[in-house]
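The values are calculated or read from the model by the stated rules, or taken from the named source; none is laboratory data. Since the structure is predicted, the reported quantities are computational estimates derived from the model, not experimental observations. FYI the Cβ positions are ideal-geometry reconstructions off the backbone, even for glycines, and counts take in every protein chain you see. Side chains included, ligands, DNA and RNA excluded: accessible areas come from the protein's heavy atoms. Shrake-Rupley method; radii C 1.70, N 1.55, O 1.52, S 1.80 Å.
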Amino acid sequence: MPDKLTVYNPATGEVIKSIPQQSAKEVEEAIERSHQAFKTWSKTSASERASLLKKWYELIVEHKDELGKLITAENGKPYQEAVGEVLYGAGYIEWFAEEAKRVYGRTVPAPTTGKRIVVTRQAVGPVAAITPWNFPNAMITRKAAPALAAGCTFIIKPAPDTPLSALELARLAYEAGIPKDVLQVVNGDGEEIGNVFTSSPKIRKITFTGSTPVGKILMKNSAETVKHVSMELGGHAPLIVDEDANLDLAVEQAMVSKYRNAGQTCVCANRLIVHESVKDEFAKKLSEQAAKLKVGNGLEEGVNVGPIINKKGFEKIVSQIDDAVEKGAKVLVGGSYDRNDDKGCYFVHPTVLGDVDTSMNIMHEETFGPVAPIISYTDIDEAIELANDTPFGLAAYFFTENYRRGIYISENLDYGIIGWNDGGPSAVQAPFGGMKESGVGREGGSEGIEPYLETKYMSIGL
Ligand code: SIN
């Protein structure tokens with residue numbers, strides 16, 4: 001493994017920076033420091049941890065423009081969207097600074113008068129996090145903030161495409177007064193570091209956001225030392241537009257859901273399931289809006305859709321479009337791309353596909369790109385069955401103005417996150433996470449600190 005990791009701008013191919021990579025031995029040393037630091041950090045008061053987190057939050061907000069530029073440089077998303085991510089990410093820190101003070105225990109009536117039962121919560125121990133490139137900032141804070149709030153120490157292994165945001169977040173954490181061994185960043189070979197994390201008995205919890213296949217490996221490998229795991233894995237979100245939907249709202253929100261981050265989010269609408277009676281109008285309106293999006297370098301004014309993170313991601317998107325077209329789908333807008341293999345820059349123009357059917361790969365695989373395939377239905381149970389016909393269960397969306405139908409649809413969708421007339425349901429205050437092969441555990445909301453806590457009960461004999 002080279003001792004340096006070079007980070008490139010996916011929009012220009014330029015080198016942003018080369019940073020040191022850590023060997024397996026250095027990662028083991030980081031784990032030992034985390035283990036030692038846990039002994040003191042876990043004993044600090046909740047208010048002390050809350051004020052350090054609050055300070056970290058304030059510094060991030062103060063530096064939101066630089067952090068946003070850094071996200072755009074290493075990930076490619078448009079600058080305004082990147083600043084939005086910084087504020088979204090900082091919101092998790094503010095939220096968990098407050099939640100730190102609300103880790104309550106309880107007393108329980110004992111079986112006899114000669115006993116008392118007291119239930120307390122304590123930090124699980126040192127935590128290792130493996131975080132993705134699609135939200136280089138917010139997917140770190142969403143994990144680090146509850147961990148630190150609970151009293152855990154924390155080691156981050158960011159994605160190799162976007163490690164700079166992680167390093168910058170850590171720098172601001174140190175400036176806020178969070179001790180260096182309490183929050184550490186390691187970079188290097190993903191598989192090697194993953195194995196060091198999972199095999200170490202000192203790491204008591206693994207938290208991961210990324211693909212389902214990698215999540216499964218981490219879960220299997222964590223079994224050896226019976227670690228706690230939180231997994232935020234792949235998605236294949238359906239977006240149902242029912243016959244009585246407000247179509248303009250459905251189009252507006254489908255745009256938000258589908259084209260944010262060039263379609264590279266786990267919660268992006270991946271399958272648009274539209275009632276036959278409104279399909280043509282919906283497809284026309286969506287195509288008109290998609291055609292207006294400007295593709296390019298996210299630092300340029302007016303750009304709405306940035307590059308695809310890398311060649312592998314780009315080739316998957318193109319192969320799904322080609323497969324769909326070969327099997328009879330119609331390209332209503334987009335379907336084109338700009339590729340520069342020499343520079344490693346790849347852009348896909350916002351695409352809407354009509355006449356899609358279930359034989360097409362795009363109906364079964366996560367796309368992670370700006371492609372909206374439209375399939376139609378006549379009966380709502382058919383739409384729900386189609387929506388649930390996947391191993392994934394992260395986010396699902398539906399549009400209807402009819403509340404009876406809305407309740408029916410929401411109760412029958414097997415998904416952890418439901419957007420009813422809402423294409424952007426993610427919020428710091430709400431529990432984010434999936435069912436089935438989309439993951440284990442929830443991040444955010446009052447649930448978000450739970451995975452970092454152990455329950456202990458004490459039976460006191462009088
Ligand atoms: C993700 O794609 O995993 C995160 C998206 C979000 O928090 O909205």
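Remark: the range 166-214 carries a charge dipole of roughly 280 debye about the Cα centre, counting +1 on each Lys and Arg Cβ and -1 on each Asp and Glu Cβ. With the charge dipole of the chain set up from +1 on Lys and Arg Cβ and -1 on Asp and Glu Cβ about the Cα centre, the Cα lying farthest toward the positive end among the listed residues Ala50, Gly234, Leu332 is that of Ala50.
Backbone phi angles across the range 420-434, fed through the Karplus curve with coefficients 6.51, -1.76 and 1.60 (θ = phi - 60°), yield HN-Hα couplings of 9, 6, 8, x, x, x, 4, 7, 3, 7, 10, x, 9, x, x Hz in residue order; Gly and Pro are listed as x. Taking only Cα atoms, what is the 0 to 90° angle, nearest 10, from helix 190-199's long axis to the longest principal axis of the chain? Tilt relative to the chain: about 40 degrees. For Lys25, a cut-off of 18 angstrom between C-alpha atoms picks up these aspartates and glutamates, skipping any fewer than 8 places away in its own chain: Asp3, Asp181, Asp189, Glu191, Glu192. Please tell me the relative contact order of the chain in percent, rounded to the nearest whole number, where contacts are Cα pairs under 8 Å and at least six residues apart. In percent, rounded to a whole number, it is 18. Of all beta bridges that DSSP places with both ends in the chain, some 45 percent have antiparallel geometry.
Per-residue Karplus couplings for the range 450-462, computed as 6.51 cos²θ - 1.76 cosθ + 1.60 with θ equal to phi - 60°, are listed in order as 3, x, 9, 10, 9, 9, 10, 10, 10, 9, 9, x, 8 Hz, Gly and Pro entered as x.
For the range 346-462, the convex hull spanned by the alpha carbon atoms encloses 185 Å³ per residue. Note on the chain: with charges restricted to the Cβ of Lys and Arg (+1) and Asp and Glu (-1), its dipole about the Cα centre is near 2260 debye. Mean silhouette area of the range 77-124, derived from the convex hull of its C-alpha atoms and averaged over all directions, reads 5.3 nm². Take the range 206-264 with all the other protein chains still there, run a 1.4 Å probe, and you get 33 Å² of accessible area per residue. Take the range 379-454 with all the other protein chains still there, run a 1.4 Å probe, and you get 42 Å² of accessible area per residue. What does the C-alpha gyration tensor say about the overall shape of the range 183-270? Classify as rounded when a/c is under 1.5, otherwise prolate if a/b is larger than b/c, or oblate. Verdict is prolate for the range 183-270. Given the alpha-carbon gyration tensor of the chain, what are the semi-axes of its equivalent ellipsoid in whole angstrom, ordered largest first, with each equal to the square root of 5 times an eigenvalue? Calculated on Cα positions only, the semi-axes equal 39, 28, 19 Å.
For Lys115, a cut-off of 21 angstrom between C-alpha atoms picks up these lysines, skipping any fewer than 8 places away in its own chain: Lys456. Remark: the range 371-382, residue by residue, has Karplus-estimated 3J(HN,Hα) of 10, 10, x, 10, 10, 10, 9, 10, 10, 4, 5, 5 Hz, where x stands for each Gly or Pro and the curve is 6.51 cos²θ - 1.76 cosθ + 1.60 at θ = phi - 60°.
Within the accessible surface of the chain, defined with a 1.4 Å probe on protein heavy atoms only, the carbon and sulfur portion equals 51 percent.
Helix 24-41 and the longest principal axis of the Cα set of the chain meet at an angle near 60°. Label sites at Ala46 and Glu14, each approximated as a point 7 angstrom past Cα along Cα to Cβ, lie 4.8 nm apart.
For the chain, the longest principal axis of the alpha carbon atoms and the long axis of helix 311-326 meet at an angle near 40°.
A cut-off of 5 Å between modelled amide H atoms, ignoring neighbours fewer than 5 places along the same chain, links Glu454 with Gln122, Ala123, Val124.
Taking every alpha-carbon pair within the range 324-377, the share separated by more than 16 Å comes to 44 percent. Once Lys and Arg get +1 and Asp and Glu get -1 on their Cβ, which of Gly344, Leu218, Ala283 lies farthest toward the positive end of the dipole of the range 209-348? The residue sitting farthest along the positive end of the dipole is Leu218.
Where a ≥ b ≥ c are the square roots of the eigenvalues of the C-alpha gyration tensor, would you call the range 11-51 rounded, which needs a/c under 1.5, or, failing that, prolate if a/b is larger than b/c, or oblate? It comes out oblate by the Cα gyration axes.
Relative contact order, whole percent, for the range 362-422 stands at 32, derived from Cα pairs under 8 Å and 6 or more residues apart. Please give me the summed charge of the neighbours of Thr120: other residues whose Cβ is under 12 Å from its Cβ, Lys and Arg +1, Asp and Glu -1. Summing Lys and Arg as +1 and Asp and Glu as -1 gives +2.
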